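Trainee: I am attaching a structure below and will ask some questions about it afterwards.
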Amino acid sequence: MTDAASLPETPGLTQTERVVDTFLAPSKTFNDILRNTSWWLPFILLVVATIGSCFAIDKKVGFDSVAEHQMTKTPATAEQLQQLPPDQRAARLHGAAKFTRIFTYGAAVPFLLIIAIEALVLWGCFNFGLGARTTFGQVFAVIMYAGLPRLFISLLTIILLFAGVGTDGFDINNPVGTNIGYFLQDSSAAVKAAGAFFDVFGLWSLALLVIGMAIISRKSIGQAAAIIVGWWVIFLLVFTGVAAAFS
């Protein structure tokens, strides 16, 4: 009893250590979330990455070109746009570019809402489906840290655009070749949408999410993967179906 009482309490990780360990020793980060659910540093990194990539897009591509590319991706929309008088077409493209610029620069804010919905769904699945006792804050923090590898997409976008690579036909929804869909430009919209799910950094984040949820829920990797990969497959099918329907 005396020896146990004299043992010093293990200090928690700092936010910086958590971020580093997410890449080097993820179990340390996710175990530390059981102590503290703070997630402010990943959010700051998300904001910086978002603003940085938007600045690169604005300077090297231009949101007018981005908006035009997005609006002409589907044949029906492209045909409708071409049928407009030049002044109406220019006004529509300008409005779309303005909206795209504002939404993209502020994307970190709605991203928090998406994470909150994702956290609520996973919290319900693990607590009611597997009998876990996770809190919403723990799940939210796990998602924030598990998403850190996706920041490399923004970093690569910035580097490549300032290097003059990929500025022609730039697709803001799939800016760099880190997924299969990027290399299937001549395929159908459904195939490209499905291929986008097989992204190097996206799958890395998916694996981290499985590990993190297994740790905070105190369930096996297999149980966590069954739920998380199951939802991943559902979203793959839904997005592929939507792309097929509107192509």
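The values are calculated or read from the model by the stated rules, or taken from the named source; none is laboratory data. What you see is a predicted model, and the numbers here were worked out from it, not measured in a lab. With ideal geometry, Cβ positions are generated from the backbone for all residues, glycine too; neighbour counts draw on all protein chains shown.
Trainee: Identify all residues within the range 195-209 that are crowded, with 21+ Cβ neighbours inside 10 Å and among the aliphatic types (A, V, I, L, M); write none if there are none.
Mentor: Matches in the range 195-209: 196, 208, 209.
Trainee: Restricting attention to the range 122-176, and to residues there that are of a type in the set (Phe, Trp, Tyr) and assigned to a helix (DSSP H, G or I), which single residue is farthest from residue 51 (Cα to Cα)? Show your work before the answer.
Mentor: Filtering the range 122-176 for residues of a type in the set (Phe, Trp, Tyr) gives 123, 126, 128, 136, 140, 145, 152, 162, 170.
Filter once more, so that each one left must be assigned to a helix (DSSP H, G or I): 123, 126, 128, 136, 140, 145, 152, 162.
Values: 123: 30, 126: 34, 128: 38, 136: 28, 140: 22, 145: 19, 152: 14, 162: 15 Å.
Restricting to residues being of a type in the set (Phe, Trp, Tyr) and assigned to a helix (DSSP H, G or I), the top hit is 128.
Trainee: If you don't mind, another one. With the structure loaded, tell me whether residue 98 is modelled with pLDDT under 95 and in a loop (DSSP other than H, G, I, E, B) or whether it fails that test.
Mentor: Against the criterion (modelled with pLDDT under 95 and in a loop (DSSP other than H, G, I, E, B)), residue 98 does not qualify.
Trainee: Can you work out which of the residues in the range 64-112 that are surrounded by 15 or more Cβ atoms within 10 Å (Cβ to Cβ) and among the aromatic types (Phe, Trp, Tyr) is farthest from residue 192 (Cα to Cα)?
Mentor: 105
Trainee: Give the residue that is nearest to residue 27 (Cα to Cα), with candidates limited to residues of the range 210-246 that are surrounded by fewer than 15 Cβ atoms within 10 Å (Cβ to Cβ) and touching a Ser or Thr at 6+ places or on another chain (Cβ under 8 Å).
Mentor: 244
Trainee: Here is a list: 142, 109. Which entry is within 15 Å of the chain's Cα centre (by Cα), modelled with pLDDT under 95 and of a type in the set (A, V, I, L, M, F, W, C)?
Mentor: Sole residue among the options that is within 15 Å of the chain's Cα centre (by Cα), modelled with pLDDT under 95 and of a type in the set (A, V, I, L, M, F, W, C): 109.
Trainee: Return yes when residue 202 is assigned to a helix (DSSP H, G or I), under 16 Å from the mean Cα position of the chain (by Cα) and not basic (Lys, Arg) and no when it is not.
Mentor: Yes; evaluated as a whole, the condition is true for this residue.
Trainee: Looking at 229, 233, which is the one that is of a type in the set (A, V, I, L, M), free of Cβ contacts under 8 Å to residues at least 12 places away in the same chain and either part of a helix (DSSP H, G or I) or farther than 29 Å from residue 67 by Cα (or both)?
Mentor: None of the others qualify; the one that does is 233.
Trainee: So is residue 53 assigned to a helix (DSSP H, G or I), at pLDDT 90 or above and exposed (fewer than 14 other Cβ atoms within 10 Å of the Cβ) or not?
Mentor: Working: assigned to a helix (DSSP H, G or I): yes; at pLDDT 90 or above: yes; exposed (fewer than 14 other Cβ atoms within 10 Å of the Cβ): no.
Here the answer is no, as residue 53 does not meet what is asked.
Trainee: Still on this structure, I have one more. If we scan the range 69-81, do we find a residue that is assigned to a helix (DSSP H, G or I), within 23 Å of the chain's Cα centre (by Cα) and touching a residue at least 40 places away in the same chain (Cβ under 8 Å)? Before you say what the answer is, go through the steps one by one.
Mentor: Of all residues in the range 69-81, those assigned to a helix (DSSP H, G or I) come to 69-71, 75-81.
So of that shortlist, the ones also within 23 Å of the chain's Cα centre (by Cα) come out as 69-71.
Cutting the leftovers down to touching a residue at least 40 places away in the same chain (Cβ under 8 Å) gives us 69-70.
Yes - at least one qualifying residue is present in the range 69-81.
Trainee: Return yes or no: is residue 182 surrounded by fewer than 21 Cβ atoms within 10 Å (Cβ to Cβ) and either farther than 25 Å from residue 70 by Cα or without any contact (Cβ under 8 Å) to a residue 40 or more places away in the chain (or both)?
Mentor: Answer is yes for this residue.
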